[in-house]
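The values are calculated or read from the model by the stated rules, or taken from the named source; none is laboratory data. Keep in mind it's a predicted model, so treat the numbers as computed, not measured. No Cβ is skipped: glycine too gets one built from the backbone with ideal geometry, and neighbour counts run over all protein chains shown.
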Amino acid sequence: MKHNRVYILISIVFFLLYIFIIFATYNTNKTYLLNNTINTQLKLVHSYKEKFDEKLSALKRIVETMGKKLIKKDRFKDFNSIKEMLTTAMISGDGFKSVYISYPDNFTISGRTDWYYTDDYIAVTRPWYVQAVNKGKTTISKPYVGSAGFEDKLYISIASPIYDKNKNLLAVMSSDLELKSVQKEISKFFPFKKGFAFLMTNDSQVIVQSNKLGIDFEDKKLLKFLETFQNNKKGDKTFKIDNQEYIFTFERLKNSDWLFVSVLQKDEIFKTLNQQLFMNLISSLILFLLGLGTIIFISITQKKLYEKHLLLGHFAKSPTWGILLTDKNGNILFINKVFEKIFNIKSKSLYEKPLSTIKELIKNEKIDKNDCFDDIKKNLFSVKSYNLKRNNKTYRVQMTPLLNNFHKELEGTIITVNDISHEKYLEKKESEHEQILIQNSKMAALGEMVSAISHQWRQPLSTLLMLISNAEEIVEKNSLTKAHNYLLRSRDTIELMNETVNAFRNFYKEEYGKKEFNLIKIIKEVILISFPQMQMNGIELEFDYDKDKDYECTNYPSYIKQVLINLFGNAKDELSFILRQKPLYEAKIKINLYRKKEHFYISVEDNGRGILKENKDKIFKPFFTTKNQGTGTGLYLCDLLVKNRMNGNLYLNSLQNPTKFIIKIGVKDV
């Protein structure tokens with residue numbers, strides 16, 4: 001057990017060390033991954049910025065080239081030609097919503113076929129026109145609201161001012177890009193789920209953004225943070241919003257003073273790493289628990305094996321049990337001291353010898369006389385046991401096959417011999433005690449029965465005396481026919497009295513053997529000897545059964561009689577008490593006999609006051625009684641006889657209205 005504790009301690013130390021290594025590696029990988037992600041992000045920003053720069057450069061070249069061509073034409077004479085060229089430029093410029101040229105006097109020609117110049121359109125006040133003139137070079141304007149008819153959309157323009165040799169403004173060439181299309185373009189450049197890119201002006205105004213993370217760009221702290229980007233051409237910075245860290249990487253565009261900025265959620269960088277950490281921790285925990293469980297299981301198994309070994313040792317050295325163990329071939333492997341003493345065997349003299357060597361063990365009709373081990377092999381799934389008398393003592397011998405759990409094959413046999421002389425003595429005393437209880441119960445009923453029978457016989461005896469006197473007179477008068485009738489009536493009376501005497505004698509005859517009998521006959525005998533008592537007390541007896549059924553039973557008729565007498569007596573006592581209070585009460589005891597499959601049921605019910613609910617579990621206990629002169633052994637004895645002797649059951653079926661007891665016994669006692 002001490003070794004197991006050491007193994008558990010070592011396992012815990014290694015587990016903690018492994019966890020430390022996992023976290024140390026995790027922190028190193030986290031730092032490396034963060035730096036690598038930032039560098040990758042910078043490279044991506046540069047790459048996407050280059051692509052966007054290239055696209056803007058191409059659009060700027062289209063605008064500048066077109067402006068140089070158109071300024072040479074007369075805007076009135078060549079109006080249609082100019083419009084056609086503008087339309088071609090709008091088509092060739094990927095993403096252009098409109099291409100137009102505006103002159104200082106507000107006159108504007110557009111490449112859109114659905115738009116024409118009107119006097120209320122003032123070009124020189126439009127944001128793109130003002131920004132281009134102010135800067136004096138090709139400019140990308142800030143977002144603005146479209147002109148009349150297009151107010152629901154935001155645009156940015158690439159505007160290029162056109163000057164003569166004297167730096168006089170001749171016109172402003174411009175092309176419009178819808179802000180949503182620019183946002184889509186940037187989304188294509190930067191397709192991360194947990195990140196997005198946006199364009200920002202030199203004064204920290206976010207002009208184009210596909211905000212996938214829901215960041216509030218109106219937040220003052222965020223705007224102040226974005227202002228710090230203006231001092232660098234490119235770089236990376238971290239900013240916390242609502243306890244969530246974001247990595248901003250940026251680079252300035254070549255063709256404008258705008259910045260291309262990307263945003264990435266910091267936790268997203270470590271998501272895979274965190275998942276890997278979690279999986280590593282779970283795996284290590286599972287492995288640790290499995291290892292710990294294995295050690296504990298082995299420890300418990302070893303402990304159980306040790307305890308079993310210790311128990312087997314104690315069992316083998318038992319001072320009261322004789323033990324013999326054989327192998328699968330029936331050769332003796334072990335005999336303990338008690339066994340050797342019982343059968344006077346010299347220590348270890350029979351080891352490796354066949355079981356049949358010990359003759360005394362096979363001196364029993366249940367065991368094959370030739371070879372008891374063969375008998376065991378023929379009955380692998382049964383335990384044979386029998387009593388053996390030796391040296392004025394009784395021993396219980398039990399032969400148990402030892403089987404393989406998987407293949408159910410014989411692995412050996414264990415034979416135990418136990419001295420049960422004291423148990424046999426106690427059984428004998430218990431049986432004697434039961435017989436005493438039965439006799440006491442019979443004697444208790446004897447007085448009442450004799451009194452009732454003597455009362456019953458007074459009338460037939462008087463009748464008999466009268467009939468004999470009449471017969472004498474008739475004989476003297478030579479009237480033999482009348483004398484014969486009187487004699488027949490006398491014989492019937494005598495037979496009735498004889499039947500009562502025989503039933504009474506059978507009941508008190510000490511006959512306790514099991515035999516086959518007719519259950520109806522036994523019940524009628526009990527009714528016959530009980531009838532005088534019931535008649536004397538004014539109680540009606542009723543017996544009901546199906547006359548078409550067979551009621552042959554194998555059991556103990558004397559015990560059934562005793563149980564019925566006790567149940568009748570209890571019912572009689574209860575009803576007699578009621579009749580003393582209410583003389584006109586219709587007292588009745590009803591006996592019902594019926595059969596269900598392999599069991600007989602005898603119910604005894606009365607219409608007395610019933611049994612209290614709190615006494616239901618007490619009535620079968622010894623010495624419990626509710627009578628003033630009761631002993632408390634009646635129902636206890638009934639329950640004892642039915643369960644222990646007749647292998648049946650006695651139970652209270654109904655407390656009152658009526659009070660009913662039911663006896664259940666088998667057709668054959670098993």
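Picking from residues in region 511-544 that are surrounded by 16 or more Cβ atoms within 10 Å (Cβ to Cβ) and under 55 Å from the mean Cα position of the chain (by Cα), the one that is farthest from residue 591 (Cα to Cα) is 517. When you scan region 60-74, do you find a residue that is crowded, with 21+ Cβ neighbours inside 10 Å and among the small types (Gly, Ala, Ser), even just one? Yes: region 60-74 contains one or more residues that are crowded, with 21+ Cβ neighbours inside 10 Å and among the small types (Gly, Ala, Ser). May I ask you to verify whether residue 356 is hydroxyl-bearing (Ser, Thr, Tyr) and at pLDDT below 80? The answer is yes for residue 356.
Name the residues in region 531-567 that are modelled with pLDDT of 85 or more, closer than 18 Å to residue 608 by Cβ and touching a strand residue (DSSP E or B) at 6+ places or on another chain (Cβ under 9 Å), would you? Passing the criteria: 539, 540, 541, 542, 564, 567.
Is there a residue in region 419-440 that is of a type in the set (Val, Ile, Thr), surrounded by 14 or more Cβ atoms within 10 Å (Cβ to Cβ) and at pLDDT 60 or above? Checked against the condition, which is being of a type in the set (Val, Ile, Thr), surrounded by 14 or more Cβ atoms within 10 Å (Cβ to Cβ) and at pLDDT 60 or above, region 419-440 yields at least one hit.
Test residue 88 against the criterion of being in a helix (DSSP H, G or I) and among the polar types (S, T, N, Q), and give yes or no. Criteria met by residue 88.
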